Amino acid sequence: MSRSAHPAGPRHADVLPEGHYSAPPADLNTLDPKVWAQTVTRDEDGVLTVGGITATQLAEQHGTPAYVVDEADFRARARAWRSAFGTDADVFYAGKAFLSRAVVRWLHEEGLNLDVCSGGELATALSAGMPADRIAFHGNNKSTEEITRAIESGVGRIVLDSFQEIVRVAHIAQSLGKRQRVQIRITVGVEAHTHEFIATAHEDQKFGIPLAGGQAAEAVRRALKLDGIELIGIHSHIGSQIFDMSGFEVAAHRVVGLLKDVRDEHGVELPEIDLGGGLGIAYTSDDDPREPHEIAKALTEIVTRECEAAKLRTPRISVEPGRAIVGPTAFTLYEVGTIKPLDGLRTYVSVDGGMSDNIRTALYDAEYTVALVSRTSDAAPMLARVVGKHCESGDIVVKDAFLPADLAPGDLIAVPATGAYCRSMASNYNHVLRPPVVAVHDGESRVIVRRETEEDLLRLDVG
Ligand SMILES: Cc1ncc(COP(=O)(O)O)c(C=O)c1O
């Protein structure tokens, strides 16, 4: 959930109902660069352009709804993370945020590694040429087939998530005549300030092995005894959409504490730690994310300081940003279908997609903003709720936002910051077809994931 979950600025209490919004912006036509992809602007006719292509051209060429990714922005963000961490650290892009073969190639070219958490993500990565040794394999319940495939293909590391998995991975590796590099994912007991479903380091949840009660230390003990695996480090991921670095500070402190205990008990200094992903992005103008270089500096300083205090060699650090790389680089382009003003409440604006292309609002109460992009307007702001075409009243894309009062069916509107966890969490609810992902770059648009067709749906229905 973004930090703007509660109304901040003044509101017209007489006319506007309770909601999650600040005052209407002074100018509805301005596209705040904080929430829109880097190359987004308006052309002389007031139409949104991205990568040199207008929203109307994109709608004509590719239809709506469509996810539109600014390739230059994606590459710039990937590069910024890479260079912020330098050569003494590794950046693993978290593929769960959004993965396609084009994205894998961009990452490879920009020097990033990749974190996958299913056989499907692994297959996508390998099929697009990501070297296996630059892949980390995650998941709290990897199947035997997934583990076998990961080891056979030579992934750089498998992140172990349970006591059973320590043994399972060791046995499979041994049976394949291999020694697999592994990390152990621990839960450090940090309450990340984010939505419950995306907080992952408190103890009462399904990921990782708790540090509390000596369980993580016991996991290390067992892992060090097994021939099929080589324990290279400890992993911690505290949650997602986090702005406050204090959670990472506590996590780093506790992970280094475990490294020290391991050194004291076993005489082994584990050479790596992974501090996960989870860095927040701006979904609305109220959010203030940190830049990669600030994050890199903060994390490196914390780990170095903690290691000096513990008299340990500083381990190689890795991080796994997903949302912070891809999230801001895309928007979803919709066509307005129906408009329903409800007196004294708000105006419901229905678009040609909905919870099937963006489940985050329903799932996490996520906040988004929205803009009219096929033209500008000088009409007064109207409080709108952007909803989809699904058979659920919770089918909300943007809960509360201002759109111009002259909005009409056929207008194009766009929701920014939908690059992460939108296409990757998309569904076929109501047999609605999943939208394409269109990459734009230097005046050209290219479909990187095509729109689903009714044939695709029916191909799976073999009854
Ligand atoms: C282990 C792990 N690493 C990285 C990420 C990526 O998080 P984000 O996209 O918020 O950076 C996740 C997200 O769930 C995760 O579980």
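Coordinate-derived values only; no laboratory data. As the structure is a prediction and not an experimental result, all values here were calculated from the model. Don't worry about glycine lacking a Cβ; one is built from the backbone with ideal geometry, like all the others, and counts go over all protein chains shown.
General remarks:
- Partner aspartates and glutamates for residue 340 [C-alpha distance under 19 Å; skip if fewer than 8 residues away on the same chain]: 18, 352, 392, 395, 400, 406, 411
- Phi-based couplings in Hz for the stretch 247-256 (Karplus 6.51, -1.76, 1.60; Gly and Pro marked x): x, 5, 4, 5, 4, 4, 4, 6, 5, 5
- When 458, 312, 258 are sorted by how many other C-beta atoms sit within 10 angstrom of their C-beta, beginning with the fewest, the order is 458, 312, 258.
- Principal-axis tilt of helix 71-85 within the chain, Cα atoms, nearest 10 degrees: 30
- For the stretch 352-423 versus the stretch 136-194, the gap between their alpha-carbon centres in whole angstrom: 39
- Packing-based exposure ordering (other Cβ within 10 Å, fewest first) of 137, 248: 248, 137
- Each Lys or Arg adds one and each Asp or Glu takes one away; over the other residues whose Cβ falls under 10 Å from the Cβ of residue 388, this sums to -3.
- Relative contact order of the stretch 138-321, taken over Cα pairs closer than 8 Å and 6 or more residues apart, is 19 percent.
- Rounded FRET efficiency, nearest 0.05, which uses the C-beta distance separating residue 225 from residue 27 and R0 of 41 Å: 0.05
- Of the cross-linked pairs 96/206; 178/311; 297/399; 142/225; 96/399, those separated by over 28 Å at the C-alpha level are 178/311; 297/399.
- Cut-off 18 Å, label 7 Å out along Cα→Cβ of residue 442, residues of the stretch 55-96 by amide N: 69-77, 79
- The chain - mean residue ellipticity at 222 nm from DSSP helices (-39,500 (n - 2.57) per run, n ≥ 4, rounded to 500): -8500 deg cm²/dmol
- Placed amide H near residue 42: partners under 5 Å, 5+ positions off or other chain: 49
- Segment residue 313-residue 430, extension gain: residue separation times 0.36 nm, minus the distance between their alpha carbons: 36.6 nm
- Backbone geometry of the stretch 437-446 corresponds, through the Karplus equation with coefficients 6.51, -1.76 and 1.60 at θ = phi - 60°, to 3J(HN,Hα) couplings of 10, 10, 9, 10, 6, 6, x, 10, 10, 9 Hz, x marking Gly and Pro.
- Ellipsoid semi-axes in whole angstrom, largest first, where each is sqrt(5λ) of the Cα gyration tensor of the chain: 41, 24, 20
- Antiparallel bridges, percent of DSSP beta bridges restricted to the stretch 44-152 (to nearest 5): 25
- Share antiparallel - DSSP beta bridges, the chain, percent rounded to 5: 45
- The stretch 138-321: C-alpha gyration tensor shape, a/c 1.5 cut-off, then a/b vs b/c: prolate
- Cα centroid separation, the stretch 268-285 to the stretch 202-256 (Å): 13
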